[in-house]
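Have a look at the structure below, then the notes.
Every read-out reported here was derived from the displayed coordinates using simple, explicitly stated rules and does not represent laboratory data. Since this is a predicted model, take the numbers as computed values, not measurements. All Cβ positions, even for glycine, are placed from backbone atoms using ideal geometry, and neighbour counts span all protein chains on display.
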Amino acid sequence: MEKLTEIISKKIYCLGSGNGLGYVLNAVFDENLSKIKSLIVVDEESELEGCVETKFIKNSTDCFFVENRSCLFYGVDNNLSNPIGKRVFTKNGTDWGKIKEVLLNNFKVEAFVTDKLTFAPKQISVWGNDAIIIGKKKKSFDNIQQKPVFHTNHHEEIVSIMSSPQIKEVVATPYRISTDAKNLIGKMATRDIFGLNNELIIKKFEIITQKKLNEAKKHNKLNILFYNCK
């Protein structure tokens with residue numbers, strides 16, 4: 001089982017040349033939010049954004065691989081479908097919090113996790129830019145008494161009605177809150193940020209100052225910093 005937040009910032013290498021293509025900035029889901037169809041990749045030096053379809057990607061523990069650079073294409077649609085940060089409601093308006101994590105199996109979505117419940121893609125009735133509505137498409141989902149949670153013993157019935165387990169807090173969110181770098185000042189880094197020569201430029205839990213912001217910009221690490229601070 002993989003987590004979407006662990007995929008973000010992973011590096012991608014080309015097996016044909018041995019060169020790095022960049023790091024994962026974001027994910028693009030299909031129209032049913034049932035799988036990731038492509039990954040947005042950013043070149044570390046130029047910060048140029050490209051896209052790689054997941055069918056071309058070979059996964060490993062710490063990074064991704066593609067056969068050759070031709071798998072990477074540009075002209076990425078900015079209307080991304082990443083569900084992280086979207087609010088979840090039932091059809092009767094019950095608020096189940098924001099999506100904090102997506103559990104994956106070979107880029108296929110097994111479950112979405114909020115701070116209050118876990119649910120499967122098949123339970124989604126409607127989703128838009130800001131919110132996801134869960135429930136049957138033709139029948140109201142008003143009869144939830146307890147929190148539905150992911151049940152690992154039944155793949156077909158991915159949600160059962162029981163008490164929710166303790167969900168580990170996710171500190172890295174792969175959606176950009178603001179494009180203004182100055183808004184990062186005063187926030188706290190949630191991971192170590194390394195420079196172009198693999199030197200440590202910002203420590204985990206360090207408060208971001210103007211000096212640290214300039215350092216991140218100098219090393220073209222603003223994108224990573226955007227998604228790893230709070």
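Using 0.36 nm per residue, how much length does the chain from Glu67 to Asn129 gain when fully extended, once their Cα-Cα distance is taken away? List each step's numbers first, then the result.
Working: separation 62, 0.36 × 62 = 22.32 nm, distance 3.37 nm.
My answer for the length gained is 18.9 nm.
To the nearest 20 Debye, how big is the dipole of region 5-96 about its Cα centre, given +1 on the beta carbon of each Lys and Arg and -1 on that of each Asp and Glu? Show your work: numbers first, answer last.
On the way: 10 positive and 13 negative charges, 82 e Å.
Dipole magnitude for region 5-96 comes out near 400 debye.
Given just the C-alpha atoms of region 1-40, how large is their convex hull per residue in cubic angstrom?
85
Can you list residues whose amide H is under 5 Å from Lys204's amide H, if they're 5+ apart or on another chain and H is modeled 1.01 Å from N?
For Lys204, the qualifying residues are Asp192, Ile193.
For region 34-75, which chymotrypsin sites (Phe, Trp or Tyr not before Pro) are in a loop by DSSP, counting at most 13 other Cβ atoms within 10 Å? Provide the component values of the computation, followed by the final result.
Numbers: sites: Phe56, Phe64, Phe65, Phe73, Tyr74; in loops: Tyr74.
Hits after loop and neighbour filter: Tyr74.
Using 0.36 nm per residue of separation minus the Cα-Cα distance, give me the extension gain between Ser60 and Asn19 in nm, one decimal.
13.1 nm
Which far-off residues, 5 or more places away or on another chain, put their amide H under 5 Å from the one on Lys86, with H placed in the peptide plane?
Long-range HN contacts for Lys86: Ile99.
Which cross-chain or sequence-distant (5 or more) residues have an amide H under 5 Å from the amide H of Lys35, H modelled 1.01 Å from N in plane?
Amide H neighbours of Lys35: Asp30, Val109.
From the mean inverse distance of alpha carbon pairs (Kirkwood) and the Cα radius of gyration, derive Rg over Rh for region 67-135.
Details: Rg = 14.6 Å, Rh = 13.4 Å.
For region 67-135, the value is 1.08.
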